[in-house]
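Below is one structure; the comments refer to it alone.
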Amino acid sequence: MNEPLGYGIVILTDRKRNRHMLTLKPGGRFSSQYGYIEHDTLAQTPSGAIVKTIGKEQPYRVFGVTYRDYVMHIKRQAQIIYPKDTAAILMWGDVAPHQNILESGVGQGALSIAVLRALAGTGKLTSYEIRKDFADMSKKFIYSYLGYEPTNYNIELRDIYQGIDGVFDRVLLDLPEPWQVVPHLKNGLVNGGLMVSYIPTVLQVKSMVDCLRECGYFDEIETFEQILRPWKVDGLSVRPDTWIYNHSAFIVTARKTTICEED
Ligand SMILES: C[S@@+](CC[C@H](N)C(=O)[O-])C[C@H]1O[C@@H](n2cnc3c(N)ncnc32)[C@H](O)[C@@H]1O
């Protein structure tokens, strides 16, 4: 129960609730205005414990990193899908172990991590990314979180609008023009398979939904947005937070049907 954290990624929180994410390495050191803590000390500490800095004896709470901590703390070079939306994508997309999943684009790789976790070492995730710099960056981001290179993951440097190879159980899209992928899903998504598209603006949503309806091989087309409203609960002050992150993107889901002869 009180097992030490070991060398890995942790979150340190000070009294003012400032959060620091760090990767523990033998001989490493965390330093702040309040003094320093040796990584070796943190690695030997159980998750949830308090550790004091050497020098000023200031307390820090240390926890093992969560998925949300990790993707929200990283210095972003591409826009990520936020955890609240990732949760919906995994559930509405019915992502589960043993599936063969296609994802595009990859960006930072935040969704890729969530899908790999859901697959739990089974099935396969193939990701198409058009930019080499993002493909390289996302690999580092994904492997660093997992702590290993998963054998059920493959990232391909290519333009998904030009076509896809294979037949997938699920297709997850985070692209400027997802409707350009729809023609490739006629043969690239299994019958009954789900397509989930993460789309920032209403005009893009309209183009995507029109395309899904007109192609004739999708049904159960749904569009929604996920609104998260944090509350402040502090003594007698119990009310919605005054700050709210208002809009991230819409989520469009659709289910592949059998194809009529005349299609
Ligand atoms: C917003 S980012 C994806 C973020 C990612 N879902 C995450 O959670 O971190 C969009 C990505 O799509 C890639 N992209 C854009 N057009 C593409 C295309 N035609 N084929 C493949 N990737 C594409 C971009 O280079 C970018 O990396």
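Taking the chain as a Gaussian network of alpha-carbon nodes connected by springs under 10 Å, the highest mean-square fluctuation of the residues ASP133, ASP234, ASP169 belongs to ASP234. The charge dipole of the chain, taken about its Cα centre with unit charges on the Cβ atoms of Lys, Arg (+1), Asp and Glu (-1) only, comes to about 1460 debye. Taking every full run of DSSP H in the chain, the ones that stretch at least 15 Å from end to end by Cα along their long axis and average -1.0 or higher on the Kyte-Doolittle scale are 132-146, 202-215.
With respect to the cross-link table entries LYS139/LYS256; LYS124/LYS186; LYS75/LYS124; LYS75/LYS132; LYS124/LYS256, which display a Cα-Cα separation exceeding 24 Å? Check vs 24 Å cut-off fails for LYS139/LYS256; LYS75/LYS124. Here LYS84 is the anchor, and the aspartates and glutamates within straight C-alpha reach of less than 12 Å, apart from those fewer than 8 places off in the same chain, are GLU225. Considering only the Cα atoms of the range 110-155, their convex hull presents on average a projected area of 2.8 nm². Evaluating kT/(6 pi eta Rh) at 20 °C and 1.002 mPa s, with the Kirkwood radius of the range 64-109 over Cα pairs in the Stokes-Einstein relation, gives 177 µm² s⁻¹.
Quick check on the range 129-175: what does the Kirkwood estimate of hydrodynamic radius come out to from the alpha carbon pairs, in Å? Can you show the working numbers first?
On the way: mean 1/r = 0.0815 Å⁻¹.
Taking every pair of different Cα atoms in the range 129-175, averaging 1/r and inverting gives 12.3 Å.
Charges only on Cβ, +1 for Lys and Arg, -1 for Asp and Glu: so what's the dipole of the range 1-137 about the Cα centre, in debye to the nearest 20? Provide the component values of the computation, followed by the final result.
Values: 17 positive and 12 negative charges, 99 e Å.
Value, rounded to 20: 480 debye.
Can you give the Rg/Rh ratio of the range 160-218, where Rg is from the C-alpha atoms and Rh is the Kirkwood radius?
Rounded to two decimals, Rg/Rh equals 0.93.
If you take the alpha carbon atoms of the range 112-239 and fit the smallest convex hull around them, that volume is 170 Å³ per residue.
For the range 87-142, what is the per residue volume of the convex hull drawn over the alpha-carbon atoms, in cubic angstrom? All intermediate terms of the calculation are to be shown ahead of the outcome.
Numbers: hull volume 3.9 nm³, N = 56.
Convex hull of Cα atoms, per residue: 69 Å³.
Relative contact order for the range 73-212: 24 percent, from Cα pairs under 8 Å spaced at least 6 residues apart, divided by residue count. When you restrict to C-alpha pairs under 8 Å that are six or more residues apart and normalise by the size of the chain, the relative contact order lands at 13 percent. Overall, the ratio between the Cα radius of gyration of the chain and 2.2 N^0.38 Å, rounded to two decimals, is 1.18.
Coordinate-derived values only; no laboratory data. The structure displayed is predicted, hence computed values, not measured ones. Here Cβ is always computed from backbone atoms with ideal geometry, including for glycine, and neighbour counts include all displayed protein chains.
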